[in-house]
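Worksheet: the structure to be examined is printed underneath.
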Amino acid sequence: MGEASRVALVTGGARGIGWATAEAFLAAGWRVVLCDIDGAEAGRRAEEHPQRILPLGLDVADRSAVEKTFTEVIRQWGRLDAVVNNAGIQRHAPLEELAPQDWLAVLDVNLHGTFHCLQAAGRIMLPQGAGAIVNLASVAATRGAPGRAPYAASKAAIVSLTKTAAVEWSARGVRVNAVAPGYVETDLVKSAIANGRISLDPILQRIPAGRLATPAEIAGAIVFLCSDGASYVTGHVLHVDGGFEADYGVPFSQGGRA
Ligand SMILES: NC(=O)c1ccc[n+]([C@@H]2O[C@H](COP(=O)([O-])OP(=O)(O)OC[C@H]3O[C@@H](n4cnc5c(N)ncnc54)[C@H](O)[C@@H]3O)[C@@H](O)[C@H]2O)c1
């Protein structure tokens, strides 16, 4: 079966990395189920490709809504080949001041939402013996992230969940991987800069590539992991970060002596 008829479901698909991922799937000939809590924006995006995008309002933290959505995809399009667990939110606060409701809000969307959709995807893909799932992690998964405790914890848990799902499902044809972006030019980062939570200059100094990623650069890695070219790749965390993870952070001084 060629990739032309395949169906990918992308959560948080109305903007940022999610929309760029939808565009990359469309360019590769796939159809896309565009799920977002902002169903109106997902609907507007779908106007560009009415036959090839199915827009659905969905809060990934709502377990029963997730189950209904996956049932609806099979009812309308009859197949599901890839799922991208991309929906994610951020809350900033010093750890000692973090409100429990902010902790829960981030975990509910980032981690529990990923779990709900991962499980719903597995229940469709395992019986068909094929499927690819990509979860969005972050460079924050493996490092301390000051002021972003629930976000970093959620992303670390997503890495762990990704590896467990990959190991459980590999022999049954379902691959599960994660993409860990560095800093990407999306609303998530722009709003954190605009409201003074993070500053652009130290971020750029910390990235060996010296620039932010475009959403399309993250999307390319996600679509690769869902393609036949990645048929033996599972349980992998692919950093798409301009060298952020590789760099241990102490600059070399050319003025020094050997
Ligand atoms: N932007 C970055 O620099 C960066 C870096 C590392 C990881 N990531 C991860 O990539 C993913 C996408 O990030 P982005 O920068 O494109 O974000 P974004 O804020 O630009 O877009 C997120 C989308 O998710 C939707 N959404 C929010 N809550 C939802 C919910 N409960 N259910 C369904 N949809 C919901 C929003 O409406 C929005 O359309 C996130 O998981 C994020 O943590 C982003």
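The values are calculated or read from the model by the stated rules, or taken from the named source; none is laboratory data. As the structure is a computational prediction, the values presented were derived from the model and not from experiment. Glycine also receives a Cβ, built like all others from the backbone with ideal geometry; neighbour counts cover every protein chain displayed.
Here are the numbers:
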| item | result |
| --- | --- |
| Only listed residue being near the ligand (Cβ under 8 Å from one of its atoms) and in contact (Cβ under 8 Å) with a residue 24 or more places away in the chain, chosen from Val83, Val60 | Val60 |
| Residue selected from region 183-213 under the condition in a loop (DSSP other than H, G, I, E, B) and under 14 Å from the mean Cα position of the chain (by Cα), by the criterion surrounded by the fewest Cβ atoms within 10 Å (Cβ to Cβ) | Thr186 |
| Matching residues, region 225-249, being over 14 Å from Ala180 (Cα atoms) and modelled with pLDDT of 95 or more | Cys226, Ser227, Asp228, Gly229, Ala230, Ser231, Tyr232, Val233, Thr234, Asp247 |
| Test: Glu245 is within 15 Å of the ligand (Cβ to nearest atom) and either of a type in the set (S, T, N, Q) or surrounded by fewer than 21 Cβ atoms within 10 Å (Cβ to Cβ) (or both) | yes |
| Filter pass, Val106 being free of Cβ contacts under 8 Å to residues at least 60 places away in the same chain, of a type in the set (Val, Ile, Thr) and farther than 25 Å from Val223 by Cβ | yes |
| Hey, Arg172 of a type in the set (Lys, Arg), touching a helix residue (DSSP H, G or I) at 6+ places or on another chain (Cβ under 7 Å) and either in contact (Cβ under 8 Å) with a residue 60 or more places away in the chain or farther than 24 Å from Ala246 by Cβ (or both) or not | yes |
| Trp169 vs. criteria among the aromatic types (Phe, Trp, Tyr), within 16 Å of the ligand (Cβ to nearest atom) and part of a helix (DSSP H, G or I) | no |
| Complete set of residues in region 45-54 that are in contact (Cβ under 8 Å) with a residue 24 or more places away in the chain and surrounded by fewer than 20 Cβ atoms within 10 Å (Cβ to Cβ) | Arg52 |
| Residues (touching a residue at least 60 places away in the same chain (Cβ under 8 Å) and more than 11 Å from the ligand (Cβ to nearest atom)) located in region 179-221 | Arg197, Ala216, Gly220 |
| Entirely in region 39-147, the helices (runs of 4 or more DSSP H) that have 2 or more residues that are at pLDDT 95 or above and touching a helix residue (DSSP H, G or I) at 6+ places or on another chain (Cβ under 6 Å) | 63-77, 100-106, 113-128 |
| Subset tally (residues that are surrounded by 20 or more Cβ atoms within 10 Å (Cβ to Cβ) and more than 12 Å from the ligand (Cβ to nearest atom)) for region 119-148 | 6 |
| So Pro251, is it of a type outside the set (A, V, I, L, M, F, W, C) and part of a loop (DSSP other than H, G, I, E, B) | yes |
| Residue in region 1-55 that is farthest from Val184 (Cα to Cα), counting only those that are of a type in the set (Lys, Arg) and within 10 Å of the ligand (Cβ to nearest atom) | Arg45 |
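Yes/no matrix, rows are residues, columns are (1) over 21 Å from Leu188 (Cβ atoms); (2) acidic (Asp, Glu):
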site	(1), (2)
Glu67	yes, yes
Trp77	yes, no
Asp108	no, yes
Arg143	no, no
Arg148	no, no
